[in-house]
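The block underneath contains the structure these notes are about, expressed in structure tokens.
The values are calculated or read from the model by the stated rules, or taken from the named source; none is laboratory data. Note that this is a predicted model, so its numbers are computed, not measured. Cβ sites come from the backbone with ideal geometry, for glycine too, and all protein chains shown count toward neighbours. Just the protein is used for accessible areas: all its heavy atoms, side chains included, with ligands, DNA and RNA removed. Shrake-Rupley method; radii C 1.70, N 1.55, O 1.52, S 1.80 Å.
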Amino acid sequence: QALLNEQQAQLSHELGKLSSERKQMKDAAEQAASDAKAAAEKEAEAYISQFRDQLKRREDDIHSLESVHSAVASQYERRINELEGQLKVLRKKHRELEHRRALDLEGFTADVTTLRRLLLAVDRRLH
């Protein structure tokens, strides 16, 4: 019976040691999980901050490009209007030139016809 008591005491002592070790291991595992969670959250916050900064820069870029696009579009719109005005003037000048050329041709034809008649009249008088 003394042997049993001694073995029971040893087993109780070992059980206490194992229980203590289990508690320490459990605490260490919980601490490691807590540390890992904190590290993951910190890393996630860093990524979120980085992505927010990138988003802000991209939005600024878009705003800048929109203002440049607007300025260029209005500039080209003015240039198109100027060119359309010039085209209108040039078309009018071309029509006037074509009309004047037609009148000149009509005048030359009339002059040639008149000269032929006069030449025929002179030719008849001579013969």
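Excluding ligands, DNA and RNA, the accessible surface per residue across the chain is 97 Å² with a 1.4 Å probe. Calculate the tail of P(r) for the range 58-127: the fraction of all Cα-Cα distances greater than 13 Å, expressed in %. Value for the range 58-127 (Cα pairs over 13 Å): 78 percent.
In the set (i) 183, 18, 12; (ii) 56, 30, 20; (iii) 178, 27, 11, which value of Cα extents along the principal axes in Å was calculated from the structure you see? Read-out from the structure maps to (iii). Between A9 and Q31, the FRET efficiency from the beta-carbon distance, with R0 = 25 Å, is close to 0.15. Look at the dipole of the chain built from charges on Cβ: of G85, S67, S34, the Cα furthest out on the positive end belongs to G85.
Round to the nearest 10 and give me the degree value, 0 to 90, for the angle of helix 2-126's Cα axis relative to the longest principal axis of the chain. Result, in degrees: 0.
Dipole of the chain, Cα-centred, from +1 at each Lys and Arg C-beta and -1 at each Asp and Glu C-beta, to the nearest 20 debye?
On the way: 23 positive and 23 negative charges, 361 e Å.
In debye, rounded to 20, the chain gives about 1740.
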